[in-house]
Amino acid sequence: MYTEYYGLRELPFGITPDTDYYFANASQQEALNTLLVAIRMGEGFLKVTGEVGTGKTLLCRKLLGALARDPAFATAYLPNPYLEPGTLMRALAEEMSLQVPRGESEHTLMRRLTQHLIGVHASGRRLVLCLDEAQAMPDATLEALRLISNLETEKRKLIQIVLFGQPELDERLARHQVRQLRQRIAFSCALAPFSAEDTRHYVSHRLAVAGYTGTPLFTRPAIRVLYRASRGIPRLVNILAHKALMAAYGEGAHTVRRRHVLHARNDTESINGMRSRLFARLWGHR
């Protein structure tokens, strides 16, 4: 692989969310700051939306990491809330390390959750629940989530909930039948794709984190093509940059040029159900 060839410790453009590679462009930083301030203010419901690949899961992990360092908060994370109401409550209980007997009723489970949250509150902490892919939640589970959010003392919510989802989440919440939940959302953030300048800094940032210390590895024409092809979506930037590095490595080139990104773009557009022509070309060169 090209890591040793370019003086990298590891692959710089993986698509698995890794907070070591978190890139605080204006949209991401504004969202993170808003979430942290709103959570410390005690707001019950918060929402973050963004297109597929814009970094919602990475932002969620960054938020959870920041809260984990603050003794005032306990956290829970559900990556897949496509669950029935009872299963959601059971999953939340498991996140809080509660032992739940098999077959326990939803009423009893809710009481158990309430007692635990009161204990968390008595210890001087608040629980923050983050739900990823929230647009997939069934209607009945959205309503169960609203009921869970009702748990409060006279002065403060016992649980704060942050929803991360695709733009379809806004469509779900705009419906009349979920208006009670919609009205409880105190702050909303929307993640925007990168600008062209963001894309250039993002590529440099990830390369530096991966250990690169040389002159710019991607030429400016290569970055321009990368931005246009990816439309500023971070996940697509990663996929294309990785393939472009492979193309440059296959040629024995020391910089990634426009043609390498074009190869990557063309390969990415044609991989649906087809063998990768790029890989065949690369290994033909080696």
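The values are calculated or read from the model by the stated rules, or taken from the named source; none is laboratory data. No experiment lies behind these values; they were computed from the predicted model shown. A quick note on method: Cβ atoms are made from the backbone with ideal geometry, for glycine too, and the neighbour counts reach across all protein chains shown.
Results, tabulated for the structure shown:
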{"quantity": "Residue under evaluation residue 13, criteria (1) touching a His at 6+ places or on another chain (Cβ under 7 Å); (2) assigned by TED's automatic domain parsing to the domain that holds residue 67, criterion not met", "calculated": "(2)"}
{"quantity": "Selection status of residue 98, farther than 15 Å from residue 148 by Cα and touching a His at 6+ places or on another chain (Cβ under 9 Å)", "calculated": "yes"}
{"quantity": "Residues that are under 27 Å from residue 246 (Cβ atoms), touching a residue at least 24 places away in the same chain (Cβ under 8 Å) and under 15 Å from the mean Cα position of the chain (by Cα), drawn from the range 1-27", "calculated": "14, 15, 17, 18, 19, 20, 21, 22, 23, 25"}
{"quantity": "All helices (runs of 4 or more DSSP H) inside the range 33-144 with 1 or more residues being closer than 25 Å to residue 177 by Cα", "calculated": "85-95, 106-122"}
{"quantity": "Output for the range 33-49, where each listed residue is under 27 Å from residue 14 (Cβ atoms) and surrounded by 18 or more Cβ atoms within 10 Å (Cβ to Cβ)", "calculated": "35, 48, 49"}
{"quantity": "Residue list for the range 27-78, filter: of a type in the set (S, T, N, Q) and over 21 Å from residue 121 (Cβ atoms)", "calculated": "27, 28, 29, 33, 34, 49, 54, 57"}
{"quantity": "Residue in the range 50-60 that is in contact (Cβ under 8 Å) with a residue 12 or more places away in the chain and loosely packed, with under 14 Cβ neighbours inside 10 Å present", "calculated": "yes"}
{"quantity": "Some residue of the range 52-64 being closer than 14 Å to residue 191 by Cα and among the polar types (S, T, N, Q)", "calculated": "yes"}
{"quantity": "Where a residue in the range 104-126 is free of Cβ contacts under 8 Å to residues at least 24 places away in the same chain and surrounded by 15 or more Cβ atoms within 10 Å (Cβ to Cβ) and its partner, wherever it lies, is not in a helix (DSSP H, G or I) and not β-branched (Val, Ile, Thr), with Cβ under 8 Å and at least six apart", "calculated": "112/98; 112/104; 116/96; 116/98"}
{"quantity": "Top-ranked residue in the range 153-171 [being free of Cβ contacts under 8 Å to residues at least 60 places away in the same chain and surrounded by fewer than 20 Cβ atoms within 10 Å (Cβ to Cβ); ranked as farthest from the chain's Cα centre (by Cα)]", "calculated": "154"}
{"quantity": "Criterion: assigned by TED's automatic domain parsing to the domain that holds residue 254 and under 15 Å from residue 12 (Cβ atoms) - qualifying residue of 220, 206, 224, 228", "calculated": "206"}
{"quantity": "Check on residue 196, of a type in the set (A, V, I, L, M, F, W, C) and either surrounded by 15 or more Cβ atoms within 10 Å (Cβ to Cβ) or without any contact (Cβ under 8 Å) to a residue 60 or more places away in the chain (or both)", "calculated": "yes"}
